[in-house]
Amino acid sequence: MKKLILTIIMAAASQTPALMAQHLSFPSDGLGRGYHDRPWLRYEAEPDLCSDWQGEMLLPPVPFSQIPLQAEASRRCALTLASDGDFVEWKCSREADGLSLRFSLPDSSDGSGLKGTIALYAGNDRLADIALDSYWAWQYTSVANTTEKYPDNSPADSKFARMRFDEVYVRLPRAIAEGEAFRLVKEDGSDIPYTVDFVELEKIPAPVAFDDIEGEKVLFDGSEALATVINRSAGKTVYIPEGEYNVPRRLSITAPGVKVVGAGMWYTTLIFNASSDSRSTYSQRGIESYCDGLVLQGFSMNTVNNKRYYENNPAYQVGKALQGSFGSGSVIRDVRADHFECGGWIADYAGAASRGLTVEYCRFRNNYADGFNLCSGTTGARVAHCSFRNNGDDDMAVWSTGNVAADNIYEYNTAENNWRASSCALYGGRSNSARHLYIADPMEEGLHVTGEFQGTGFEGVTSVSQVTVERAGIKGGTPGQHGGFWGAACPAVHVRGGYFIEVSNVEFSDIDILDSGYRAFGISSNSGKPVTGLKIKNLHVDGVADNEWALYVDPSAVGDGSYEKVSAENCTEPAIGNGSARFSLSGDDSGVCNLSDDSPSISLTVSGNTVTATGMSNGDVLTAFYPDGQVAASAVASGSPVSLILPGNGLYIISDGSRTAKVAAF
């Protein structure tokens with residue numbers, strides 16, 4: 001016979017944002033996590049975070065589902081401006097003349113997108129008519145499960161949609177003053193609804209001028225192909241002035257030590273305009289190099305591409321913004337990349353290893369696969385102070401396939417609204433680290449360490465520390481409604497051995513998981529591959545949906561791990577569960593802190609398939625739920641004790657309407 005104590009489970013609540021005027025502060029800022037020194041302030045289109053609004057407010061779905069548009073919005077809330085005169089208004093907290101708008105327009109029936117215009121006012125001035133286009137958004141994949149499910153831009157009733165938002169960047173004709181009201185207004189007469197997620201405002205630095213550059217330098221004037229100018233300028237700086245430049249082919253840099261410098265990401269833009277719908281040009285975009293000592297700095301990159309693969313075939317890759325190994329000691333700084341297959345993919349495929357690459361103060365957004373992947377032969381890379389948003393595969397990844405990827409670091413980065421896989425993924429390698437990160441609103445997992453791909457295996461110690469993960473994870477179900485692309489359940493943070501390699505010696509410390517949509521921290525195995533030597537220290541969980549655990553070992557798990565100092569609130573009890581007889585999870589349970597209130601507890605006993613509760617009042621209803629939330633059995637108390645009969649062996653969630661506990665019937 002077992003005895004469990006049923007204690008109060010408080011309803012998970014959204015965190016109250018810290019406000020200065022009306023911009024949003026993130027919960028990780030005070031901890032020095034994420035891109036905390038970012039130059040912009042965020043203004044959300046939410047009821048309590050704007051001065052005034054008129055339109056349809058899209059509130060977080062309850063119960064949560066991936067189907068509503070706002071499931072992909074920041075904080076899962078957005079505002080639709082459907083009619084002329086609809087608007088949203090804020091008060092500016094800090095002078096700014098650069099605007100980023102995250103928006104959604106519906107797709108067209110053929111997947112080519114729709115266009116619109118939204119007006120921006122500051123005070124009494126009409127500052128800009130902002131062109132909106134859903135051409136780059138709206139990716140689709142089949143609901144039915146197949147071996148591979150790559151998204152494309154062809155809508156169909158048999159598919160579900162992801163990547164329903166995009167961004168546009170505007171340099172304003174004048175600054176919006178501190179304390180000045182600014183608003184977005186729909187007034188173009190269109191019947192297309194415009195959905196606003198948020199605006200980010202920043203003060204744009206002065207442009208870098210040719211005269212500001214020291215040493216040997218070359219001015220690009222457009223009279224020759226950019227590649228020609230760069231590749232005859234080894235050891236020199238090639239300056240690209242303010243303007244938009246069409247680049248018809250992939251830019252392959254073969255000149256060592258060249259510096260390619262623009263006037264700044266708000267001034268200089270390279271547009272890769274080769275069609276990704278043609279067999280002859282589909283891959284002709286992005287910058288590729290295997291040379292040492294390169295510097296790429298101060299420009300934006302965009303493309304006419306609007307898909308992951310040509311003909312949805314992984315053999316026909318449409319081109320990363322940044323690819324190659326970049327040799328030894330290269331630097332990528334102040335670069336923005338949108339609408340490529342990937343933001344960056346660093347690997348030694350051409351034989352030249354990557355050593356000591358620095359990527360900093362960059363923005364990798366709205367790409368169709370990875371944000372940035374440190375792959376084969378990449379050693380000593382550091383990716384820091386970067387923004388990742390709305391990417392269609394892992395935002396930050398280390399994949400040690402081919403030659404070992406070692407001693408790489410992701411730090412001080414913010415990853416938001418990832419719509420497939422995870423915001424941070426470590427797939428083997430030697431002594432790689434992810435630290436000081438802020439991850440928010442992914443559609444699937446927030447962070448995972450797995451052996452699901454072929455590779456060199458895990459060597460040394462893989463470290464994950466000082467990370468905040470907010471609103472990540474999703475229970476399993478029908479693809480497009482719940483779960484990953486194949487419908488599988490996704491913990492907010494997941495450590496999984498297999499399919500191909502085991503996971504060993506991974507250490508987590510100082511991890512905060514907030515408002516998880518499923519298990520906060522999950523451990524599992526695939527194909528029997530173990531997780532060994534796992535260490536978890538200082539894990540804090542606040543809010544777990546569907547009566548799930550803060551830390552849970554799946555029945556599939558094989559291996560061993562330990563925990564120290566786990567705290568949990570607003571989630572089920574016990575906070576820690578081990579469902580596997582083949583995984584040894586050890587820890588000091590006195591260090592596990594479950595926060596509850598002082599209400600009287602109800603005592604449960606389970607004998608066979610009968611649950612008996614004492615301490616209930618007349619008229620109280622005792623209900624047993626299956627783990628998926630469906631009612632299994634119920635009984636009304638007419639005195640104490642009250643009993644109910646469970647329909648069979650297995651795991652159940654028992655509730656009296658306000659308190660819950662898990663029980664197992666044998």
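Regarding LEU534, is this residue in contact with a Gly (Cβ under 7 Å, 6 or more places away or on another chain), closer than 24 Å to SER655 by Cα, in a strand (DSSP E or B) and modelled with pLDDT of 95 or more? For LEU534, the condition - in contact with a Gly (Cβ under 7 Å, 6 or more places away or on another chain), closer than 24 Å to SER655 by Cα, in a strand (DSSP E or B) and modelled with pLDDT of 95 or more - is not met. Of all residues in the stretch 116-128, exactly one satisfies the criterion of being without any contact (Cβ under 8 Å) to a residue 40 or more places away in the chain and in a strand (DSSP E or B), namely ARG126.
Does GLY319 satisfy the criteria of being assigned to a loop (DSSP other than H, G, I, E, B) and closer than 26 Å to TYR169 by Cβ? Yes.
Answer with yes or no whether ALA581 is modelled with pLDDT of 75 or more, of a type in the set (A, V, I, L, M, F, W, C) and loosely packed, with under 14 Cβ neighbours inside 10 Å. Here the answer is yes, as ALA581 does meet what is asked. If the condition is being surrounded by fewer than 18 Cβ atoms within 10 Å (Cβ to Cβ) and either at pLDDT below 95 or among the aromatic types (Phe, Trp, Tyr) (or both), then the stretch 174-202 contributes no residue at all. For the stretch 543-578: of the residues being of a type in the set (Asp, Glu) and open to solvent by 30 Å² or more (accessible area, probe 1.4 Å), which is nearest to ASP512 (Cα to Cα)? Once the filter is applied, the top-ranked residue is GLU569.
Output the number of residues of the stretch 348-367 satisfying the condition of being of a type in the set (A, V, I, L, M) and either within 23 Å of the chain's Cα centre (by Cα) or within 19 Å of GLY298 (Cα to Cα) (or both). Walk me through it before giving the result.
Looking only at the stretch 348-367, we keep the residues that are of a type in the set (A, V, I, L, M), and these are 350, 352-353, 357, 359.
Still in the list and also either within 23 Å of the chain's Cα centre (by Cα) or within 19 Å of GLY298 (Cα to Cα) (or both): 357, 359.
So the count comes out to 2.
The condition (being charged (D, E, K, R), closer than 19 Å to ARG250 by Cα, in contact (Cβ under 8 Å) with a residue 12 or more places away in the chain and open to solvent by 10 Å² or more (accessible area, probe 1.4 Å)) is satisfied by just one residue among ASP348, ASP338, ASP334: ASP348. Filtering the stretch 287-302 to residues that are in a loop (DSSP other than H, G, I, E, B) and either within 25 Å of ILE204 (Cβ to Cβ) or more than 30 Å from the chain's Cα centre (by Cα) (or both) leaves CYS291, ASP292, GLY293.
Can you list the strands (runs of 3 or more DSSP E) found entirely within the stretch 433-530 that contain at least 2 residues being modelled with pLDDT of 95 or more and open to solvent by 20 Å² or more (accessible area, probe 1.4 Å)? Walk me through how you get there before you give the answer.
Working: elements: 433-440, 445-451, 462-470, 493-499, 506-516, 521-525.
Result: 433-440, 462-470, 493-499, 506-516.
From the list ALA405, ALA381, ALA369, ALA415, pick out the single residue that is in contact (Cβ under 8 Å) with a residue 40 or more places away in the chain and closer than 22 Å to CYS291 by Cβ. Can you show your working first?
Numbers: ALA381 fails: in contact (Cβ under 8 Å) with a residue 40 or more places away in the chain; ALA369 fails: closer than 22 Å to CYS291 by Cβ; ALA415 fails: closer than 22 Å to CYS291 by Cβ.
Sole residue among the options that is in contact (Cβ under 8 Å) with a residue 40 or more places away in the chain and closer than 22 Å to CYS291 by Cβ: ALA405.
Scanning the stretch 200-228 for residues that are touching a Ser or Thr at 6+ places or on another chain (Cβ under 9 Å) and assigned to a helix (DSSP H, G or I) gives a single hit, ALA227. Within the stretch 95-113, the set of residues being closer than 22 Å to LEU127 by Cα and surrounded by fewer than 17 Cβ atoms within 10 Å (Cβ to Cβ) comprises just one member, GLU95. Taking the stretch 623-648 as the range and being at pLDDT 80 or above and either open to solvent by 80 Å² or more (accessible area, probe 1.4 Å) or part of a loop (DSSP other than H, G, I, E, B) (or both) as the test, the residues that pass are VAL636, ALA637, SER638, PRO641, ILE645, LEU646, PRO647. On inspection, THR141 qualifies as hydroxyl-bearing (Ser, Thr, Tyr) and either open to solvent by less than 60 Å² (accessible area, probe 1.4 Å) or touching a Phe, Trp or Tyr at 6+ places or on another chain (Cβ under 9 Å) (or both).
Condition check for PHE182 on (1) on the phi < 0 side of the Ramachandran plot; (2) in contact with a Cys (Cβ under 8 Å, 6 or more places away or on another chain); (3) in a loop (DSSP other than H, G, I, E, B): one failure, at (3). Checked across the stretch 371-387, the condition of being of a type in the set (A, V, I, L, M) and in contact with a Cys (Cβ under 9 Å, 6 or more places away or on another chain) holds for at least one residue.
Look at (1) in a strand (DSSP E or B); (2) open to solvent by less than 50 Å² (accessible area, probe 1.4 Å) and you find that ARG171 fails only one, number (2). Scanning the stretch 388-404 for residues that are of a type in the set (A, V, I, L, M, F, W, C) and more than 16 Å from VAL359 (Cα to Cα), we see that the one that is most open to solvent (accessible area, probe 1.4 Å) is TRP399. Consider SER354 carefully, then state whether it is within 22 Å of ASN403 (Cβ to Cβ), surrounded by 24 or more Cβ atoms within 10 Å (Cβ to Cβ) and in contact (Cβ under 8 Å) with a residue 12 or more places away in the chain. Yes. Applying the set (1) touching a residue at least 40 places away in the same chain (Cβ under 8 Å); (2) open to solvent by 30 Å² or more (accessible area, probe 1.4 Å); (3) within 21 Å of ARG363 (Cβ to Cβ) to VAL318 leaves exactly one unmet item: (2).
Evaluate the stretch 257-275: report whether one residue or more is farther than 27 Å from LEU99 by Cα, within 30 Å of the chain's Cα centre (by Cα) and of a type outside the set (D, E, K, R).
yes
The condition of being part of a loop (DSSP other than H, G, I, E, B) and in contact with a strand residue (DSSP E or B) (Cβ under 9 Å, 6 or more places away or on another chain) holds for only one of LEU101, LEU49, that being LEU49.
In contact with a strand residue (DSSP E or B) (Cβ under 9 Å, 6 or more places away or on another chain) and buried (at least 21 other Cβ atoms within 10 Å of the Cβ): is that true of VAL295 in this structure?
Details: in contact with a strand residue (DSSP E or B) (Cβ under 9 Å, 6 or more places away or on another chain): yes; buried (at least 21 other Cβ atoms within 10 Å of the Cβ): no.
No.
Every listed requirement among (1) touching a Ser or Thr at 6+ places or on another chain (Cβ under 6 Å); (2) open to solvent by 20 Å² or more (accessible area, probe 1.4 Å) is met by ASP133 save one, (1).
The values are calculated or read from the model by the stated rules, or taken from the named source; none is laboratory data. Just so you know, these numbers come straight off a predicted model, no measurement behind them. Cβ sites come from the backbone with ideal geometry, for glycine too, and all protein chains shown count toward neighbours. All accessible areas refer to the heavy atoms of the entire protein, side chains included, with ligands and DNA or RNA removed. Shrake-Rupley method; radii C 1.70, N 1.55, O 1.52, S 1.80 Å.
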